[in-house]
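Derivation of every value follows stated rules applied to the coordinates shown; laboratory data play no part. Just so it is clear, the model here is predicted, and its values are computed rather than measured. A quick note on method: Cβ atoms are made from the backbone with ideal geometry, for glycine too, and the neighbour counts reach across all protein chains shown.
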């Protein structure tokens, strides 16, 4: 992994060399519900983090790697569909505001008895929203991006604190 200054921000880049490595980034529990995109080409060079949703839209996947981790880690979020009238929400990770079509509950099974829900951007496009907001405000996005990375890493720390499948 390398850290690089690009334009006005410090970014994290990493690579996933094979489909097998991508699958192994996920816990066994999440591997069982993993649906990979059809058009992936390896090695997969990733800027900050990699996300996709499976065709039915029930799950959205996140692959992320901090500089001090030996390999990327992945998680499957179950998306709660918006119901009723559209209301606004605030993403806990990037603090973007949006309708219930854009911001919603994403849940993660921590272990057989515990699930955690987070109010997040439903497509996990947090980095793009931070960069767009910073550009519009004429500000440096480095601090909000570092805070985003910190919040994401905390999720993976909580996941690793629970007993394995």
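Checking each residue in the range 113-125 for being in contact (Cβ under 8 Å) with a residue 12 or more places away in the chain and on the phi < 0 side of the Ramachandran plot picks out 114, 116, 117, 118, 119, 120, 121, 122, 123, 125. Residue 64 meets each of the listed conditions (1) in contact (Cβ under 8 Å) with a residue 60 or more places away in the chain; (2) loosely packed, with under 12 Cβ neighbours inside 10 Å apart from (2).
Scan the range 105-118 and give yes if some residue there is farther than 20 Å from residue 157 by Cβ and either more than 17 Å from the chain's Cα centre (by Cα) or surrounded by 18 or more Cβ atoms within 10 Å (Cβ to Cβ) (or both), otherwise no. No, the conditions are met nowhere in the range 105-118. Of everything in the range 17-58 that's exposed (fewer than 14 other Cβ atoms within 10 Å of the Cβ) and within 16 Å of the chain's Cα centre (by Cα), which residue is farthest from residue 71 (Cα to Cα)? Per the criteria, the residue is 57.
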